[in-house]
Amino acid sequence: MPLYSNGVDNRLLEQDFPNIARAVKVIRERLDFRGFIEIKALRKGRGGEYNRGVGVIRIASHVEQKGFMYTIEIVVHEAIHALGIHHEENFRSHGGKRCIHGYDALSHLVTSIITGKDTFANMKFLHTHVGAFSKRLLRQIARVEAILRIQRGIEDALGGCKIADLTDARMYRWQQMTPEQRQKQKDLMYIGRMRKLGWDMGPSTGADRK
């Protein structure tokens, strides 16, 4: 029988699953998760999952035995999914969009912020001075903050980070181009992709793609 945490079974949750209960409290307070939490056995290798259709986060019961920090990263990971965000830049594989539960950089850093272990201001400082975090990853954190601010009315949930402060220079340059310049850039990118595939491409006007 699955155990739900919706305000009714919280006492049982705290007695039998204290780490999960503590993590749930954090996401309800800091990420404003309003759905159900279900604790049950999941298929091998999965620590949690989010069912958007019914608004339920499912946490594997074995997660409780691995300690609070492991548990909260699993719970935060699924709470971020509940906000409608897909994770990027997995820090195990050093890049890419593959979502590995509980081990992606976005969940790790958001967890660090909401548990007081780090601040977004410090991350941005390290990015600026030593390149410790990619701008793409910092924009992901800013997206979480923006959703919480716009949809839930929570100001400074993650330290007041703003996407506008992290504008990609390439995006800015693209916005400043004329239509003719953009088309030329698209053609150059197309030629580059074809050459990587082994095609001997000459100058292109884009007509060969139509």
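The values are calculated or read from the model by the stated rules, or taken from the named source; none is laboratory data. For clarity, every value in this text was computed on a predicted model and none was experimentally measured. Here the Cβ is made from the backbone with ideal geometry for all residues, glycine too, and neighbour counts use every protein chain on show.
If we only count helices (runs of 4 or more DSSP H) wholly inside the range 100-210, which ones have 2 or more residues that are under 23 Å from Ile74 (Cβ atoms) and modelled with pLDDT of 85 or more?
105-114, 120-130, 135-152
Output the number of residues of the range 129-155 satisfying the condition of being exposed (fewer than 12 other Cβ atoms within 10 Å of the Cβ) and either touching a residue at least 40 places away in the same chain (Cβ under 8 Å) or hydroxyl-bearing (Ser, Thr, Tyr) (or both).
Count: 1.
What pairs come up if the first residue lies in the range 69-81 and is over 17 Å from Gly53 (Cα atoms), the second is among the acidic types (Asp, Glu), and their beta carbons are under 7 Å apart, counting only those six or more places apart or on different chains?
Thr71/Glu64; His77/Asp104
Which residues, counting only those in the range 36-72, are outside any strand (DSSP E or B) and modelled with pLDDT of 85 or more?
Ser61, His62, Val63, Glu64, Gln65, Lys66, Gly67, Phe68, Met69, Tyr70, Thr71, Ile72
Determine the pairs where a residue that is under 19 Å from Asp104 (Cβ atoms), located within the range 36-56, has a partner that is of a type in the set (A, V, I, L, M, F, W, C) with Cβ atoms under 6 Å apart, the partner being 6 or more residues away or on another chain.
So the pair list comes out as Leu42/Ala60; Gly47/Ala60; Gly47/Val63; Gly47/Ile74; Gly48/Ile59; Gly48/Ile74; Tyr50/Ile57; Tyr50/Ala82.
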